[in-house]
1. Tell me yes or no: at least one residue of segment 207-219 is within 21 Å of residue 126 (Cα to Cα) and modelled with pLDDT under 90.
2. Which number in (1) under 22 Å from residue 127 (Cα atoms); (2) assigned to a loop (DSSP other than H, G, I, E, B); (3) in contact (Cβ under 8 Å) with a residue 24 or more places away in the chain marks the one condition that residue 113 misses?
3. In segment 118-140, what count of residues is obtained for those that are under 23 Å from residue 154 (Cβ atoms), out of contact with any helix residue (DSSP H, G or I) (no Cβ under 8 Å at 6 or more places or on another chain) and either in a helix (DSSP H, G or I) or without any contact (Cβ under 8 Å) to a residue 24 or more places away in the chain (or both)?
4. Restricting segment 4-22 to residues that are at pLDDT 90 or above and surrounded by 13 or more Cβ atoms within 10 Å (Cβ to Cβ), which is nearest to residue 48 (Cα to Cα)?
5. Only one residue in 7, 16 is closer than 18 Å to residue 82 by Cβ and out of contact with any strand residue (DSSP E or B) (no Cβ under 9 Å at 6 or more places or on another chain). Which one?
6. Quickly run through segment 54-73 and pick out the residues that are outside any helix (DSSP H, G or I) and crowded, with 18+ Cβ neighbours inside 10 Å.
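The values are calculated or read from the model by the stated rules, or taken from the named source; none is laboratory data. Everything quoted here is computed from the prediction, not taken from an experiment. When we count neighbours, we look across all protein chains shown, and the Cβ atoms used for this are built from the backbone with ideal geometry, even at glycine.
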């Protein structure tokens, strides 16, 4: 391990912003909150941003963490984000969104899916509600198969396969995503009930099975076009995505 020479002032600034969350497989390192003014529908909205990093080893102390991270290839480690609005920790009611990264939809604005629309709409819902958080999950591309495999799945989709069969034909599960790390971070940021913005029953199940207090669900449909009609139909008919506007998890 490379030892980094750090000014004491740097350590003092960072030590209150870094938290270690022990897990069964090692630790999650959480840094934040950090002020993040965001352009949302041509208005500047002030969010608080956190980033987390999952490692196999547990390292204590700010200097130890920095020394450890300076000697590893961070590109090989999961690094996800949490975008928080309002008094997320103490608000009586708060919305959350577990949003899986979509390189094509979130960055390029692809119309093959509704991911970019869902991300912006979830942020809008949270701001209008007054408190909430978007968990942006960086290892969830293509429902967990990765960007390159997603590209191959797109080739199959252009030749008649739907999103479920494309993943299966490539040797993957239909949906291999895990929300375990996001839930661990959520435990640190809030212990009050949360309302989940989703159409996906698997996200609700993951929260409930982890013993989280889920107050309900808010749907997030929209941005339907000729390019994603089959994609959305497959979500409903084969992946079981829920259609109701608002429900409780036990409905």
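1. Yes; the residues of segment 207-219 include at least one that is within 21 Å of residue 126 (Cα to Cα) and modelled with pLDDT under 90.
2. The one condition residue 113 does not meet is (1).
3. Qualifying residue count for the region: 2.
4. Checked segment 4-22; the qualifying residue nearest to residue 48 (Cα to Cα) is 17.
5. Step by step, each of 7, 16 is checked, and only 16 is closer than 18 Å to residue 82 by Cβ and out of contact with any strand residue (DSSP E or B) (no Cβ under 9 Å at 6 or more places or on another chain).
6. 54, 55, 59
Here is a yes/no grid of residues against (1) assigned to a loop (DSSP other than H, G, I, E, B); (2) crowded, with 18+ Cβ neighbours inside 10 Å; (3) over 18 Å from the mean Cα position of the chain (by Cα); (4) in contact (Cβ under 8 Å) with a residue 24 or more places away in the chain:
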| residue | (1), (2), (3), (4) |
| --- | --- |
| 142 | no, yes, no, yes |
| 151 | no, no, yes, no |
| 154 | no, no, yes, yes |
| 168 | no, no, yes, no |
| 173 | yes, no, yes, yes |
| 177 | yes, yes, no, yes |
| 185 | no, yes, no, yes |
| 192 | yes, no, yes, yes |
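Let's see how each residue does on (1) buried (at least 21 other Cβ atoms within 10 Å of the Cβ); (2) under 28 Å from residue 163 (Cβ atoms):
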{"position": "83", "(1), (2)": "yes, yes"}
{"position": "90", "(1), (2)": "no, no"}
{"position": "96", "(1), (2)": "yes, yes"}
{"position": "107", "(1), (2)": "no, yes"}
{"position": "110", "(1), (2)": "no, yes"}
{"position": "121", "(1), (2)": "no, yes"}
{"position": "126", "(1), (2)": "yes, yes"}
{"position": "130", "(1), (2)": "no, no"}
{"position": "134", "(1), (2)": "yes, yes"}
